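Chemist: Before we start, here is the structure in question, set down as structure tokens.
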Amino acid sequence: MAVTAAMVKELREITGAGMMDCKKALTATEGDMDKAIEFLREKGLAGAAKKAGRIAAEGIVMTDMTADGKKAVIVEVNAETDFVAKNEKFRTYVADVAAQALATEATDMDAFLAEKWSKDETVTVKEALSQQISVIGENMNIRRFEQVEEANGLVVSYIHAGGRIGVLVDVETDVVNDAIKEMAKNVAMQAAALKPQFCDRSEVSAEFIEHEKSILLAQIQNDPKEASKPEKVIQGMIQGRINKELKEFCLMDQVYVKAEDGKQSVSQYVNQVAKANGAKVAIKKFVRYETGEGIAKKEENFAEEVAKQMAQ
């Protein structure tokens, strides 16, 4: 039996599933509407599309790592409310996503969503997500993931506030002991707390510097007292402010938060630990995810959120 557009439209209205999913279901069941509905229910797709428009800005960041500590992954999975983010079923699902992301060869989210779900290879990662949406009752989204691998050292992870912030740090070193691991963990905590934009100055592009300089120049020009100073002095002021900004933007230039004198930089701290352990250490990169960053959140008060959960 030929599947018509009207049939797809009808099935979509009944189930709330996506158009392509409805077409696939009708094709698989030879146009039998009742069987197509069951097909979508079995795949966990019925009802998922109705929730797709809701804003999923809560959720958690989670990491996973190989047993040898040389490869790790960080993932962010979003849900609509903090209630669900703290739910054990949701957290178990995110752990499964992290395990899949650790092993995947996909280089982008589309490829990742299209691959077979390791917990049930009869469905894709995307279909497994739809099933979870139907079970949990909220819109959910696997937002991003990134793998970090270090053959000549280790990768360390740090999770803050139960998954609100997650960090991976790539440490190249010829010595791996408890002291080096503790140092790496402290660097990860630093990145979580102070939100650097770069690992070190080598990552800062010339375009970024010029953009910052143009902003600083505009600030000076808007201040008659400073604008009247000689050009050489103004350029010196701009460079001084750029250097100050880079000490905040670059992880290795930041003041180490645990420094006893309040002056030691992260770079100096790393070198101190390396010297004490007879090691060569380089912090090659870090990845920092913060749940919901950059997502516009719908404003809801706490009482309304509680009422909504009770109604469900």
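Chemist: Helix-derived [θ] at 222 nm for the chain: sum -39500 (n - 2.57) over DSSP H runs of at least 4, divide by residue count, nearest 500?
Modeler: Details: 14 runs with 151 residues, N = 312.
Calculated from helices alone, the mean residue ellipticity at 222 nm is -14500 deg cm²/dmol.
Chemist: Quick check: net charge around Met1, other residues with Cβ under 12 Å of its Cβ, Lys/Arg +1 and Asp/Glu -1? Don't skip to the end; give the middle numbers.
Modeler: Details: positive: Lys35; negative: Glu30, Asp32.
It works out to a net charge of -1.
Chemist: Here is a further query. Which residue, Val94, Val281, Val171, tops the fluctuation ranking in a GNM of the chain built on C-alpha contacts under 10 Å?
Modeler: Val281
Chemist: How would you order 95-105, 185-195 from highest to lowest mean count of nearby Cβ atoms within 10 Å? Please list the in-between numbers first.
Modeler: Details: 95-105: 18.1, 185-195: 19.7.
Answer by packing, highest mean first, reads 185-195, 95-105.
Chemist: If you compute Rg/Rh (Cα atoms, Kirkwood Rh) for the structure shown, which of (i) 1.10; (ii) 0.99; (iii) 1.06 do you land on?
Modeler: Label (i) holds the value from this structure.
Chemist: Gaussian network model of the chain, Cα springs within a sub-10 Å range: biggest mean-square fluctuation belongs to which of Asp200, Asp261, Asp21?
Modeler: Asp261
Chemist: While we're looking at this one, here's another question. Which listed residue (Thr92, Ala67, Ala114) has the Cα farthest towards the positive end of the charge dipole for region 62-117, taking +1 on Lys and Arg C-beta and -1 on Asp and Glu C-beta about the Cα centre?
Modeler: With unit charges placed on the Cβ atoms, the residue in question is Ala67.
Chemist: Also: Heavy-atom accessible area per residue, region 112-209, 1.4 Å probe: how many Å²? Write down the numbers at each step before the final one.
Modeler: Values: 4430 Å² over 98 residues.
It amounts to 45 Å² per residue over region 112-209.
Chemist: List the relative contact order of region 141-197 as a percent without decimals, with contacts defined as Cα pairs under 8 Å and 6+ residues apart. It would help to have the intermediate numbers written out before the result.
Modeler: Working: 63 pairs, mean separation 18.8, N = 57.
Dividing the mean separation by the residue count of region 141-197 yields 33 percent.
Chemist: Hey, any idea what % of the chain's accessible area is carbon plus sulfur with a 1.4 Å probe? Working shown, then result.
Modeler: On the way: 8640 of 16890 Å².
Heavy-atom surface of the chain belonging to carbon and sulfur, 1.4 Å probe: 51 percent.
Chemist: Between region 255-269 and region 67-104, how far is it from one alpha carbon centroid to the other, in angstrom?
Modeler: What the calculation gives is 32 Å, centre to centre.
Chemist: If you place +1 on the Cβ of every Lys and Arg and -1 on the Cβ of every Asp and Glu, how big does the dipole about the Cα centre of region 34-173 come out, in debye to the nearest 20?
Modeler: Numbers: 17 positive and 24 negative charges, 120 e Å.
I would put it at about 580 debye.
Chemist: Projecting each Cα onto the charge dipole of the chain (Lys/Arg +1, Asp/Glu -1 at the beta carbon, about the Cα centre), which of Val175, Ser130, Ser228 comes out farthest on the positive side?
Modeler: Ser228
Chemist: Could you tell me the relative contact order of the chain? Use alpha-carbon pairs under 8 Å, at least six residues apart, and round to a whole percent.
Modeler: Values: 496 pairs, mean separation 56.0, N = 312.
Computed value for the chain: 18 percent relative contact order.
Chemist: Gaussian network model of the chain, Cα springs within a sub-10 Å range: biggest mean-square fluctuation belongs to which of Arg241, Arg144, Arg41?
Modeler: Looking only at Arg241, Arg144, Arg41, the largest GNM fluctuation is found for Arg241.
Chemist: Beta carbons within 10 angstrom, averaged per residue: use that to sort the peptides 264-270, 220-226, 137-143, highest first. Display every interim value, and only then the final one.
Modeler: Values: 264-270: 18.7, 220-226: 10.6, 137-143: 20.9.
Descending mean neighbour count gives 137-143, 264-270, 220-226.
Chemist: Right, something else. When the Cα centres of region 1-39 and region 180-249 are compared, how far apart do they sit, in Å?
Modeler: 57 Å
Chemist: Using the crude model of +1 on Lys and Arg Cβ and -1 on Asp and Glu Cβ, and no other charge, please compute the dipole size for the chain relative to its Cα centre, in debye to 20.
Modeler: On the way: 42 positive and 51 negative charges, 114 e Å.
That gives the chain a dipole magnitude of about 540 debye.
Chemist: How large is the charge dipole for region 98-171, taken about the Cα centre, if only the Cβ atoms of Lys, Arg (+1) and Asp, Glu (-1) carry charge, to the nearest 20 debye?
Modeler: Numbers: 6 positive and 12 negative charges, 69 e Å.
Value, rounded to 20: 340 debye.
The values are calculated or read from the model by the stated rules, or taken from the named source; none is laboratory data. The shown structure was predicted, so the numbers you read here are calculated from the model rather than taken from an experiment. Backbone-built Cβ (ideal geometry, glycine too); neighbour counts: all protein chains shown. The area values use the complete protein model at the heavy-atom level, side chains included, leaving out ligands, DNA and RNA. Shrake-Rupley method; radii C 1.70, N 1.55, O 1.52, S 1.80 Å.
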